[in-house]
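Report on the following structure.
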Amino acid sequence: MISVEDLTVEFGIKPLFSGASFVINPRDRIALVGKNGAGKSTLLKILCGLQQPTSGIVSTPNDTTTGYLPQVMNLHDETTVREEAQKAFADMSRQQQKVERLEKQMAERTDYESADYMLLVEKYTTEHERLLMMGAESREAELERTLLGLGFDRSDFDRPTSEFSGGWRMRIELAKILLEKPDVLLLDEPTNHLDIESIQWLEQLLSQSAQSVVLVSHDRAFINNVSNRTLEISCGKIIDYKVKYDEYVTLRKERREQQLRAYENQQREIAEAQEFINRFRYQATKAIQVQQKIRQLEKMVPIEIDEVDNAAMHLKFPPCLRSGDYPIICDEVKKAYGEHLVFDNVNLTIKRGEKVAFVGKNGEGKSTLVKCIMGDIPFDGVLKVGHNVQIGYFAQNQAQLLDERLTVFETIDNVAKGDIRLRIKDILGAFMFGGEASEKKVKVLSGGERSRLAMIRLLLEPVNLLILDEPTNHLDMASKDVLKEAIRAFDGTAIIVSHDREFLDGLVTKVYEFGGGKVREHLGGIYDWLKAIPSPSPEEDVQAHNSQPTYKNKNSSSSNQASTLLEGPGEVSKATTYAARKEQQKQLSKAEKAVKDSEQKIEKMEQRLKELDSLLCDPEKACDMTLVAEYTDTKRALDNEVERWEQLAEDAEALRSQLN
């Protein structure tokens, strides 16, 4: 499908890779691997035509289509989720318009026996069959199946895309690419921002698809479950392994061992030849042999050894005081914003030394419970943090708390103590801050780089309870291994919020599942939990959602829309019903957004009141009238906002009742 011949890419003196030749065949599912900066994303851009190589040829047949998902893209916010996803059907929509024009021409004609009319009928039949072959009858079901599989609810379909975070908008772009069904899918970190259920759904979809796939991912379980071939960029070359990722790891190890033996033999041969030359260089009787040895060395091609990431090192948390037997105890913990229940009746006990995982779909309350444990937000019930517990907390906003004036090295040097200070450069290298990167100022680092730096700082602090919220988002596989080994060797307690199955496997012994306002405890590792709760296949996904009473009427409206598209004017009443329901859903989306915005305001004001309370407890500031005035104004504003929120929640519930 795509043929690559003698490809070379250069950005400096040393090329990223050169002399690369390979073919992407139908149904190939290729894992593209290599260390950071090896050129993986660059190769994807070249394959889809967004970037030109220094030399070489990339041949793509004219009828072959490609779909490319980059790590970062420019997103547009003028449409709803459904409207944005429907852009994937642009060709189908044009074909449908062509069929409708032919229908109109046939309806206006009366010369039914003429040759021209028969040609028109024949053309209409051909174009209508083409429309059906494009999947017009199932496009609405396909759209719903894809959006639901990627974690959206039906109530999200008519919400503006501007209401969603960058991660959710990336899901919309991924949905569009999947719905377009290109012949070749080029995916750069597609699992970023996906939860476990969505990752599994995407795995099954790609594995069952007839399309070719080339993907870059740091999710080891994902690429192993999807791939049947591995392309590695190493030492400026692209090596093709006709096996999936796990088997590639084994073959690569064997290959490197062979290279080492060949390299050692070559070095021994070079040393012997050089010794002979030095010994007999000035003896006339050995002149011919010396010249032969010199020519032999000149013709010798140095054997290169595949690069190995130096992150294969060991880190250990510094010693800390022993905590109590039960660092965390929750008794009937509840968190709600008015009538919006996040979770209720949470009863859990985490023992000293346990490593547990918080899992579940995004938005089900994992991070909220973590904030309750940290004391950042108020809640109902009893939550006890045990005796002598010292918490080390990693969240995305931790990266924003770094001192921008310091360099990367200084940031870590300021917290490192004892012998660990001698290994700072090794540690930085393990987390992709090797060489000159360690001298960068924090202010010039990207969001991902700051997150990695914040993670390193946490690894060097003396704590006995680790709480990590999505710690692997910006780490490559080698860095994940370093972090995983450090946590496994950690003699304290760890709570890990993560969607990375491979990272959690062998690390946690208990799983807490968040969903439907409840938190359920599962003994065993992450795969024990996944086996106990099988995920629906892509084909079953729509049926599973259709079986939920909450969505009954919404499914009906979707099928009405599909019927209207395909059956024509006979379904006008259904179309009218659909339009009315669509308008109601838009109103509900707006009402729900207003409720959510109000909840966020309430949360911010509650937090500020807590801060002011703490300040006013200080005798020196107790008489500060500015603080007192701010406290009074904030309290009054909070009371008004709570009343407003109650009204907004009632309005939203009324709209929800009308739809149900």
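The values are calculated or read from the model by the stated rules, or taken from the named source; none is laboratory data. The structure displayed is predicted, hence computed values, not measured ones. Cβ: placed from backbone, ideal geometry, glycine included. Neighbour counts: every protein chain shown. Surface accessibility is based on the protein's heavy atoms, side chains included, excluding ligands, DNA and RNA. Shrake-Rupley method; radii C 1.70, N 1.55, O 1.52, S 1.80 Å.
So here's what we get for this one:
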read-out	value
Checking E129 against (1) in contact (Cβ under 8 Å) with a residue 12 or more places away in the chain; (2) out of contact with any Ser or Thr (no Cβ under 6 Å at 6 or more places or on another chain); (3) more than 26 Å from S589 (Cα to Cα), the condition it does not meet	(1)
Among residues of the stretch 161-191, those that are small (G, A, S) and open to solvent by less than 20 Å² (accessible area, probe 1.4 Å), counted	2
Subset tally (residues that are of a type in the set (A, V, I, L, M, F, W, C) and open to solvent by 10 Å² or more (accessible area, probe 1.4 Å)) for the stretch 192-208	1
One residue from G392, G381 being surrounded by 13 or more Cβ atoms within 10 Å (Cβ to Cβ), touching a residue at least 40 places away in the same chain (Cβ under 8 Å) and more than 30 Å from the chain's Cα centre (by Cα)	G381
Test: residue in the stretch 244-261 that is over 30 Å from P182 (Cβ atoms), assigned to a helix (DSSP H, G or I) and touching a Leu at 6+ places or on another chain (Cβ under 9 Å)	no
Residue ID - nearest to the chain's Cα centre (by Cα), chosen from residues in the stretch 506-525 that are among the hydrophobic types (A, V, I, L, M, F, W, C) and assigned to a strand (DSSP E or B)	F514
Qualifying residues in the stretch 624-660 (those that are under 24 Å from S614 (Cβ atoms) and charged (D, E, K, R)) - the one most open to solvent (accessible area, probe 1.4 Å)	R636
Filtered residues of the stretch 217-243 (kept if of a type in the set (D, E, K, R), assigned to a strand (DSSP E or B) and farther than 11 Å from R29 by Cβ)	E232, K237, D240
Hey, G375 small (G, A, S), in contact (Cβ under 8 Å) with a residue 12 or more places away in the chain and open to solvent by less than 60 Å² (accessible area, probe 1.4 Å) or not	no
